[in-house]
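The values are calculated or read from the model by the stated rules, or taken from the named source; none is laboratory data. These numbers come from a predicted model, not from an experiment. Cβ placement follows ideal geometry from the backbone for every residue including glycine, while neighbour counts extend to all protein chains displayed.
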């Protein structure tokens, strides 16, 4: 028998037998969650199923992060529906201001080797800790909440080996943009991505979470990082080192594909409108004036991302033609940024800092674009209409690109200001 | 029988159920008035019961919002035909009882009259006099679809066993 991939090991542990890629199995779910955009439908589905309960309320979470705090009465009513259901069932409520589901999950709930299902496509962010996190719809998550199980196909794995040292101005964002630009927005559909190599070994959990988060933008079901000493360190910082366990693919595991990326050769990359795989080198896009810069959300909203932006903005003033919106990923990140002066640096430069949540990225509030406006964002998506206006244009880049752009008012190469 | 509404590649959930109508997610009849608005402004008003959404690669990429296939179904759409689907969208379609059919949609033109035969696994193109075969759904998904979706399935079986 050949060895097993990380996905085969995790899924096998959750259905009580050895599994191979391609099999359809029923698995036990460790953690289920929804957010305020998908949760109300989950509650209605639970009622339709006649199962108004959680199998394990202590491992079920309702996150109010998409409209946080609510900008409209309809959404306030959705929030009340979720709060009320959580009170009645004992499900954990993460109310407005606590921040983004996936980042709260990394900080407080996810464990290496867990299976996590979330009614949010970026649930794959949990892969940063080596948890098999995957996004599903409201009804699938309703089933997982009430039964403690879900069905899934064991995915084949693409092993992505990243070696070398990231040059100045280049970050994990550029690794995942490079990968998506290379394999396309459905290049990894139904597959698990697994990231290894010495560049990954040297990478923080925050930087890994950017790659894990955007794995779904290549179609992937999960984006996994084998838990290592960095994972232990991160969990220890969060006060839960006991959650750590080592887990990795066997030497002789079968990978459907191996993809090699040389970090030394990467440059800052930009995903141009209106698809995430429309990736170009920053030197190739020409002059692009912007109206808004968005730093943060579920991708690049952790403290080290804010540090990168602050290091470029410190002592400078943002271009008067640009508004710069910073959205920390979680309450914890926001408070750390307050304590260490990062928030002050960003605000002195002219940025505004919103409550942590999904912010402007989901097109609901806190930075909706005007007709024909252009935004450079660190968020994971640039689809037409994404930020609330179908006539606007969204470019994606790393936090240093965002900060450099904030200073000049046009998409700018951070290497010129670092 | 219904007519084909053609769409291109990479139709995202932001085009199907745009974020600017986020506040209508608990009011699906209102949200359905905007279905696919980002891709074709004429679709929601003119689609007829039994029509087909016919698209290229990676239909439904992006968000997990189940509201996207739900309002496609509420608009009267019989099935979505595409060369390929995004994973979460595909699962959501089956869970809500909307057939998602993978086939070579290059063989279908805008306005073609189509008929879906799930048992034989063919899409009949009445306008062209041709038949397009499609592969069967995975058994688990076929059962969920046959029983009308995941809610009905769980109500009947009280479990997920397959």
> Which of the residues that make up segment A:121-149 are more than 15 Å from the chain's Cα centre (by Cα) and more than 7 Å from chain B (Cβ to nearest Cβ)?
Replying inline: A:141, A:142, A:144, A:145, A:146, A:148
> Got a sec? Which of A:95, A:114, A:65, A:84 is more than 28 Å from residue A:205 (Cα to Cα) and either at the interface with chain B (Cβ under 8 Å from one of its Cβ atoms) or modelled with pLDDT of 95 or more (or both)?
Replying inline: A:84
>> Within segment B:70-84, take every residue that is in a loop (DSSP other than H, G, I, E, B) and in contact with a helix residue (DSSP H, G or I) (Cβ under 7 Å, 6 or more places away or on another chain) and give me the one that is surrounded by the fewest Cβ atoms within 10 Å (Cβ to Cβ).
In response: B:83
>> Condition first: at the interface with another protein chain (Cβ under 10 Å from one of its Cβ atoms), more than 13 Å from residue A:300 (Cβ to Cβ) and surrounded by 23 or more Cβ atoms within 10 Å (Cβ to Cβ). Now tell me which residues in segment A:366-384 satisfy that.
In response: A:382, A:383
> When only residues in segment A:346-365 that are touching a residue at least 40 places away in the same chain (Cβ under 8 Å) and within 12 Å of chain B (Cβ to nearest Cβ) count, which is farthest from residue A:275 (Cα to Cα)?
Replying inline: A:365
>> Looking only at segment A:11-39, how many residues end up being free of Cβ contacts under 8 Å to residues at least 60 places away in the same chain and either at the interface with chain B (Cβ under 10 Å from one of its Cβ atoms) or part of a strand (DSSP E or B) (or both)?
In response: 1
> Under the condition of being surrounded by fewer than 24 Cβ atoms within 10 Å (Cβ to Cβ) and in contact with a strand residue (DSSP E or B) (Cβ under 6 Å, 6 or more places away or on another chain), which residue from segment B:85-103 is nearest to the other protein chains (Cβ to nearest Cβ)?
Replying inline: B:90
> Which condition number does residue A:70 fail, the rest of (1) assigned to a helix (DSSP H, G or I); (2) closer than 18 Å to residue A:41 by Cα; (3) more than 14 Å from the chain's Cα centre (by Cα) being met?
Replying inline: (1)
>> As an exercise: evaluate residue A:2 against (1) more than 27 Å from the chain's Cα centre (by Cα); (2) farther than 28 Å from residue A:63 by Cα; (3) modelled with pLDDT of 95 or more; (4) surrounded by fewer than 20 Cβ atoms within 10 Å (Cβ to Cβ) and give the number of the one condition it does not meet.
In response: (3)
> residue B:55: free of Cβ contacts under 8 Å to residues at least 60 places away in the same chain, surrounded by fewer than 18 Cβ atoms within 10 Å (Cβ to Cβ), over 22 Å from residue A:119 (Cα atoms) and within 14 Å of chain A (Cβ to nearest Cβ), yes or no?
Replying inline: no
> without any contact (Cβ under 8 Å) to a residue 60 or more places away in the chain and assigned to a strand (DSSP E or B) - does that describe any residue in segment A:45-62?
Replying inline: yes
>> With at pLDDT 95 or above, outside the structural domain of residue A:300 (by TED's automatic domain parsing) and crowded, with 16+ Cβ neighbours inside 10 Å as the only criterion, which of A:223, A:239 stands out?
In response: A:223
> Quick one: which strands (runs of 3 or more DSSP E) sit completely within segment A:89-142 and have at least 3 residues that are buried (at least 24 other Cβ atoms within 10 Å of the Cβ)?
Replying inline: A:115-119, A:132-135
> Restricting to segment A:323-332, what's the tally of residues that are in contact with a strand residue (DSSP E or B) (Cβ under 7 Å, 6 or more places away or on another chain) and part of a helix (DSSP H, G or I)?
Replying inline: 1
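Yes/no per residue for (1) within 14 Å of the chain's Cα centre (by Cα); (2) more than 13 Å from every other protein chain (Cβ to nearest Cβ):
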position: B:13; (1), (2): yes, no
position: B:16; (1), (2): yes, no
position: B:19; (1), (2): no, no
position: B:25; (1), (2): no, no
position: B:37; (1), (2): no, no
position: B:45; (1), (2): no, yes
> When you scan segment A:265-322, how many residues do you find that are within 14 Å of chain B (Cβ to nearest Cβ), part of a loop (DSSP other than H, G, I, E, B) and under 16 Å from residue A:413 (Cβ atoms)?
Replying inline: 1
> Which ones in segment A:262-276 are surrounded by 21 or more Cβ atoms within 10 Å (Cβ to Cβ) and touching a helix residue (DSSP H, G or I) at 6+ places or on another chain (Cβ under 7 Å)?
Replying inline: A:263, A:266, A:268, A:269, A:270, A:271, A:276
